Structure formats: C-alpha cells, structure tokens
Amino acid sequence: MKLAIIGYGKMGRLIEQLAPENGFSIHARINSAGDLGQAAGADVAVDFSVATAVAENVVRLMALKIPLVVGTTGWLNKLGYVRGVVKAYQGALVWSVNFSIGVNIFTRLVEEAARLIANEQNYGAWAWEIHHAAKKDAPSCTLLHLVKVIKEVGYTRPVSQSSNRAGHIPGTHEIGFDSAADTITLRHTARNLEGFARGALKAAQWVIGQQGFYEFSEIIFG
C-alpha cells in the first residue's frame, strides 16, 4: 500500500517510521507548504499538517481520488465544508480529534460515567488537560470533545474547563465528578506520540477502497 504523508513534522516522521510494519511503503513526503501533486498515485494519504491547510488539502486530495486520514487538529470549524467536499467528489475521509485508541476508549468511559451521574444533582464536574508547550490550540480539541460528550448524554450542569502547556508532555486528559461525599476521577495519560500514529495508520488501512465521511470511533467500535 502506497502512503503519502502530508505534513512532515514529528507526527509525519513517526508515521514514516511505523508505516512498514503496517504494510505501507512511503509514496510521498510533503511538508505543509509542499505540492500535493506529489501525492498522485498514492493509495491513501495521512494529513498531520496545520489547521489552516486542511480544507484545501481535502479538496486537492479528493480531486486526485486519494482517500485521506486527517490527524491535524484545530480545523473543526470547517467540518461541514469538508464533509461536503468529500461527498461531492464521492471520496473517502476519516477524521478524529484524537487517533489514540486509548483516548477513544477513555471517551466511551467518560460518556458512560456522565450518563450514570447526570441525574445525581450533588455532583459537579471538571475537565482538565495538559500538553507540551508547542501545542497551539488550548483547550485541546480532545477536551472540547469530551465536554461535548458529557453534555450530550444529559449532564446539564456546568463543566469547569482548564488547560496547561509546559515542557514536552505528550498529553494528559482528566475528567472528574465531585460531591461532598466523594470524588470520581477518570484520566488518560499518553506516554508518547506512538498511540496517535498507530491509530492513524489503522484508519489508513481501513479507508482504502471505502467511500464516505467517517469519524475514527466508528471504525474502532463499529
């Protein structure tokens, strides 16, 4: 399977490193300002570029009939537009706020905890995350998604949100529920970026030969 890597930073290089053990050869390496025409002929592309480039990258890759996995964050204000582009070209795209399989499982646990506690009025909730100093978006898209999930299952009280940026921390997300009697804390801690890369490669394997617009959890959980 021929893989094009869009965005050749830390994630792009890690994708390249792990690609062979997932059945991929590298067809093209394209930095954020590179020519996407180099991707022509690839079986699939993975985008870990920058948020401002995602929408145009989708247009170009759908026109080239290349299925795409978007691992870039911070572009969800263009989600409706991107969905429309994929539909217009009858292409295939997998997106997620977080491609870590562990984070997706963590999200399901948070969802179930919020559902169980929604009607327990004595409990308040908080959501906190910390990432490396170079991460541009704060709060993270993952934290915003977790809060959205909590509210969607019927938890109507406020959820206090906070973020920190420091050092080289890959990412920690914590959701908590607190009452006068006790505290329930759920936390996911990434040790490195490998989980994100492996999830993106899993999505890339799956999306070849598909058509449609998919969120990664649909692939994991069916």
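Miscellaneous remarks
- Percent of beta bridges antiparallel (DSSP, the chain, rounded to nearest 5): 35 percent
- Segment 72-179 - share of DSSP beta bridges that are antiparallel (%, nearest 5): 50 percent
- Annotation: Lys2 carries an accessible surface of approximately 80 Å², with a 1.4 Å probe and no ligand, DNA or RNA atoms counted.
- A cut-off under 12 angstrom between Cβ atoms defines the neighbours of Ile169, and their net charge, with Lys, Arg +1 and Asp, Glu -1, is +2.
- Accessible carbon and sulfur surface of the chain relative to its total accessible area, %, 1.4 Å: 51 percent
- Per residue, the solvent-accessible area of segment 26-184 (1.4 Å probe, heavy atoms of protein chains only, all protein chains present) comes to 47 Å².
- Descending Cα extents along the principal axes, segment 28-104, whole Å: 32, 26, 22
- At R0 = 25 Å, FRET efficiency that the Cβ-Cβ distance of Glu56 and Ala88 yields, to 0.05: 0.95
- Arg198, Arg187, reordered so the largest accessible area comes first (probe 1.4 Å): Arg187, Arg198
- Neighbours of Leu193, meaning other residues whose beta-carbon lies under 12 angstrom from its beta-carbon, give a summed charge of +4 when Lys and Arg score +1 and Asp and Glu score -1.
- The orientation-averaged projection of the convex hull spanning the C-alpha atoms of the chain amounts to 12.1 square nanometres.
- With DNA, RNA and ligands ignored, accessible area of Leu109 (1.4 Å probe; Å², nearest 10): 100 Å²
- Taking all protein chains as they are arranged and a probe of 1.4 Å, the heavy atoms of Val46 leave approximately 0 Å² accessible to solvent.
- Taking other residues whose beta carbon is less than 12 angstrom from the beta carbon of His27, and scoring Lys, Arg as +1 and Asp, Glu as -1, yields 0.
The values are calculated or read from the model by the stated rules, or taken from the named source; none is laboratory data. As the structure is a prediction and not an experimental result, all values here were calculated from the model. Note that each Cβ is placed from the backbone with ideal geometry, even for glycine, and that neighbours are counted across all protein chains shown. These accessible areas exclude ligands, DNA and RNA; they are computed on the full protein's heavy atoms, side chains included. Shrake-Rupley method; radii C 1.70, N 1.55, O 1.52, S 1.80 Å.
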